[in-house]
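The values are calculated or read from the model by the stated rules, or taken from the named source; none is laboratory data. Keep in mind it's a predicted model, so treat the numbers as computed, not measured. Neighbour counts are summed over all protein chains in view; Cβ atoms, including those assigned to glycine, are modelled from backbone coordinates with ideal geometry.
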Amino acid sequence: MRILSGMRPTGRLHIGHLSVLENWVRLQQGNDCFYFISDWHALTTGYDDTAELKHNIREMLLDWLGAGLDPEVSTIFVQSQVKEHAELHLLFSMFTPLSWLERVPTYKDQLQQLGQEGKDISTYGFLGYPLLMAADILVYLADAVPVGEDQLPHLEFCREVARRFNYLYQTQLFPEPQALLSQIAMIPGIDGRKMSKSYHNDIAMSATPEEIWQRVRMMVTDPARIHKNDPGHPEVCLVHTYHEIFSKEELEEIRSSCREGSIGCVACKKRLAAKINSVLEPVRERRASWAAKPRLVEEIIVEGADRARRLASCTMQRVREAMGV
Ligand code: SF4
């Protein structure tokens, strides 16, 4: 099965991205995976601030490699290095009704949300980003895309575009890619809100043991627990939410110790920090070993783009023939 997925280059990733990447790593076994850094998508909302783009691409790539993506097995590349995405996007734009784009649920939400933050994204590029996404997927004739529930409308849009192309040009060129719905653990930020670098409430995937501890130390616990021996209420505690993700095998014991007041919050946090560190340590080590070989990392990107381009250019040849251009 050919699988495609991508991420916007936001720089260093946080532990909220880890389960997405673990899923990508699992999918590498027995599938033909294409993973790309979608730098053109980053421009749809960040067109006015590109100073960090190249740096962010590199940092994210190192996190991917640290998480275990294998460039020998998967095709790893940067979107803007395979121009066929742009050509297919342009050709699709000729027959995609505006109303399809305007009704994508995230369009109006993001327009409003980013508008309130003072960002003008009432642009042609932003309206068209689901179509660029469809081109990203279809240019590789991908069979499946790992997605969360919130991205299903984008995939349905992509399937509609494929159907319309096949119907208009009387071809079976494009498959209708299926959703690979994955159970992704949602990890809240250290203040309980959605984890995001812009909220400064994240724990970086590459965090050192000391950085992990400093972040965990700041987490809010059960406010009713004043003294170390007070009985606690784990269900209202953010540290407990994290234990549910990182300390599954010790969860019952942590819960009852908290309720009995036999464990203090500092000790409980130290256990959590150690657990997070045990997950991040191999990621950090792999990352550091790749970071020490910048030339090799550069080669991965060049080789990945070559591999992707070979397939994308074959598709484009068939697209042009079908459309008569
Ligand atoms: S002991 Fe642990 S679970 Fe209980 S309130 Fe303190 S930090 Fe939270």
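Brief remarks on what is shown
- Of the set (1) part of a helix (DSSP H, G or I); (2) under 22 Å from ASP191 (Cβ atoms); (3) of a type in the set (Gly, Ala, Ser), all apply to ALA224 but (1).
- Of all residues in the range 51-79, those satisfying the criterion of being touching a residue at least 12 places away in the same chain (Cβ under 8 Å), among the acidic types (Asp, Glu) and surrounded by fewer than 21 Cβ atoms within 10 Å (Cβ to Cβ) are GLU52, GLU59, ASP70.
- Yes/no for CYS314 being without any contact (Cβ under 8 Å) to a residue 60 or more places away in the chain and either in contact with a strand residue (DSSP E or B) (Cβ under 6 Å, 6 or more places away or on another chain) or within 30 Å of PRO175 (Cα to Cα) (or both): yes
- Among (1) farther than 26 Å from ALA185 by Cβ; (2) at pLDDT 95 or above, the one test that VAL145 misses: (1)
- Number of the condition not met by LYS228 [criteria: (1) away from the ligand (no atom under 12 Å from the Cβ); (2) modelled with pLDDT under 95; (3) of a type in the set (Lys, Arg)]: (1)
- Members of the range 174-186 that are of a type in the set (A, V, I, L, M, F, W, C), touching a Leu at 6+ places or on another chain (Cβ under 8 Å) and not in a strand (DSSP E or B): PHE174
- Out of LEU311, LEU280, LEU296, LEU251, sole residue that is crowded, with 16+ Cβ neighbours inside 10 Å, over 23 Å from the mean Cα position of the chain (by Cα) and hydrophobic (A, V, I, L, M, F, W, C): LEU311
- Restricting the first member to the range 88-112 and to residues that are touching a residue at least 40 places away in the same chain (Cβ under 8 Å), and the second to residues that are among the aliphatic types (A, V, I, L, M) and in a loop (DSSP other than H, G, I, E, B), the beta-carbon pairs closer than 6 Å and six or more apart or on different chains are LEU88/VAL139.
- Among the conditions (1) in contact with a Leu (Cβ under 7 Å, 6 or more places away or on another chain); (2) surrounded by 14 or more Cβ atoms within 10 Å (Cβ to Cβ); (3) under 27 Å from LEU311 (Cα atoms), VAL82 misses just one, which is (1).
- Restricting attention to the range 190-207, the residues being surrounded by 12 or more Cβ atoms within 10 Å (Cβ to Cβ) and either aliphatic (A, V, I, L, M) or not in a loop (DSSP other than H, G, I, E, B) (or both) number 9.
- So PRO153, is it within 20 Å of ARG8 (Cβ to Cβ) and assigned by TED's automatic domain parsing to the domain that holds LEU13: yes
- Selection count, the range 238-279, where residues are more than 10 Å from the ligand (Cβ to nearest atom), touching a Pro at 6+ places or on another chain (Cβ under 8 Å) and polar (S, T, N, Q): 1
- Restricting GLU160, GLU210 to residues that are away from the ligand (no atom under 16 Å from the Cβ), in a helix (DSSP H, G or I), closer than 22 Å to ALA67 by Cα and over 19 Å from the mean Cα position of the chain (by Cα) narrows the list to GLU210.
- Enumeration of residues in the range 161-183 that are surrounded by 15 or more Cβ atoms within 10 Å (Cβ to Cβ), out of contact with any Asp or Glu (no Cβ under 8 Å at 6 or more places or on another chain) and touching a residue at least 40 places away in the same chain (Cβ under 8 Å): VAL161, ARG164, PHE165, TYR169, LEU173, LEU180, SER182
- Restricting the range 24-41 to residues that are more than 13 Å from the chain's Cα centre (by Cα) and part of a strand (DSSP E or B), the residue that is surrounded by the most Cβ atoms within 10 Å (Cβ to Cβ): PHE34
- Filter pass, CYS237 being over 28 Å from LEU13 (Cα atoms) and either within 31 Å of the chain's Cα centre (by Cα) or crowded, with 19+ Cβ neighbours inside 10 Å (or both): no
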